[in-house]
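What follows draws every value from the coordinates through simple rules; no lab data is involved. Because the structure is predicted, anything quoted here is derived from the model rather than measured. Cβ placement follows ideal geometry from the backbone for every residue including glycine, while neighbour counts extend to all protein chains displayed.
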Amino acid sequence: MMEDTVIQVEGLTKVFGDFTAVNNISFHVKKGEIFGFLGANGAGKTTAMKMLIGISAPSSGLAHVAGFDVYTQTESIKKTIGYMSQKFALYDDLTVKENIRFFGGIYGLSKARISQKSNQLIEELGLEKVAKSLVGSLPLGWKQKIAFSVAMLHDPKIVFLDEPTGGVDPITRRQFWEMIYKAANNGTTIFVTTHYMDEAEYCDRVSIMVDGRIEALDTPKNLKHHYRSESMNDVFLKLARS
Ligand SMILES: Nc1ncnc2c1ncn2[C@@H]1O[C@H](COP(=O)(O)OP(=O)(O)OP(=O)(O)O)[C@@H](O)[C@H]1O
């Protein structure tokens, strides 16, 4: 594995019965890169991501995440990465502080470290007034920003974000992306799926999955040039909906 490669995937495949959900995909992701993982509904993004985060065994192919093998070193992978999904992020019936304490504990942080991280996160996000409110009472955009910070509590090398901004308003999405940039600038690798094509423009490189295969992978600029498109939306429509 090249020194700055943090995700290495070769011929990764997942079969359910006679249906191939992820079909022989290959790519590398570099340290500190923001890697966009795009595809229409059902293209196979979540299935691929589940293999990379060590919760679903591949049918065939190879993958290393932070240097760990997805077949044999899944516990090491889980400790090294952060994960956030739109569908499950935080406990609605715990307060902001309780969520931080809970997830900090799961990640194995010391009490002192959790307390320090909790204060830092609350200050950075300007959450002083709602630190003791139940997360369920907060707007979705706030929840998602807190969820991202919680996924970063243990300073993961790579953070996997599965549609992190789904249903969130454009201003909050922009703020969310500022958090992503900051994490990437600090050396965290970001692997992100999204349905928002403006967000695809913010990625360093983007892959586009169609029916389980990666049909295109390049910088947004090169993809637009190659597909003679004005925007990533056009590129996506040409590939994913053709
Ligand atoms: N456990 C499973 N058993 C059988 N088929 C599955 C299973 N998990 C996913 N699939 C199928 O694999 C295909 C890819 O699903 P996946 O959830 O990976 O797509 P996706 O690109 O993440 O879509 P979305 O954007 O809707 O989340 C779908 O046709 C889905 O029905």
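Report yes if Lys182 is among the charged types (D, E, K, R) and closer than 25 Å to Leu94 by Cβ, otherwise no. Before you say what the answer is, go through the steps one by one.
Details: among the charged types (D, E, K, R): yes; closer than 25 Å to Leu94 by Cβ: no.
No; evaluated as a whole, the condition is false for this residue.
Pairs meeting the criteria (first residue in segment 36-52 and of a type outside the set (Lys, Arg), second residue near the ligand (Cβ under 6 Å from one of its atoms), beta carbons under 6 Å, at least 6 apart or on different chains) are Phe37/Lys45; Gly39/Lys45; Gly44/Ala21; Thr47/Ala21. If the condition is being crowded, with 19+ Cβ neighbours inside 10 Å and among the charged types (D, E, K, R), then segment 174-204 contributes only Glu199.
Of all residues in segment 54-82, those satisfying the criterion of being surrounded by 21 or more Cβ atoms within 10 Å (Cβ to Cβ) and either within 12 Å of the ligand (Cβ to nearest atom) or touching a residue at least 60 places away in the same chain (Cβ under 8 Å) (or both) are Val65, Ile81, Gly82.
Residues in segment 1-53 that are of a type in the set (Asp, Glu) and either within 10 Å of the ligand (Cβ to nearest atom) or touching a helix residue (DSSP H, G or I) at 6+ places or on another chain (Cβ under 9 Å) (or both): Glu33 alone.
Looking at segment 130-138, is at least one residue in contact with a helix residue (DSSP H, G or I) (Cβ under 7 Å, 6 or more places away or on another chain), part of a helix (DSSP H, G or I) and within 22 Å of His28 (Cα to Cα)? Before you say what the answer is, go through the steps one by one.
Filtering segment 130-138 for residues in contact with a helix residue (DSSP H, G or I) (Cβ under 7 Å, 6 or more places away or on another chain) gives 130-133, 135, 138.
Now narrow it down to the ones that are part of a helix (DSSP H, G or I): 130, 135.
After this cut, where a residue has to be within 22 Å of His28 (Cα to Cα) as well, the list is none.
No, because not a single residue in segment 130-138 is in contact with a helix residue (DSSP H, G or I) (Cβ under 7 Å, 6 or more places away or on another chain), part of a helix (DSSP H, G or I) and within 22 Å of His28 (Cα to Cα).
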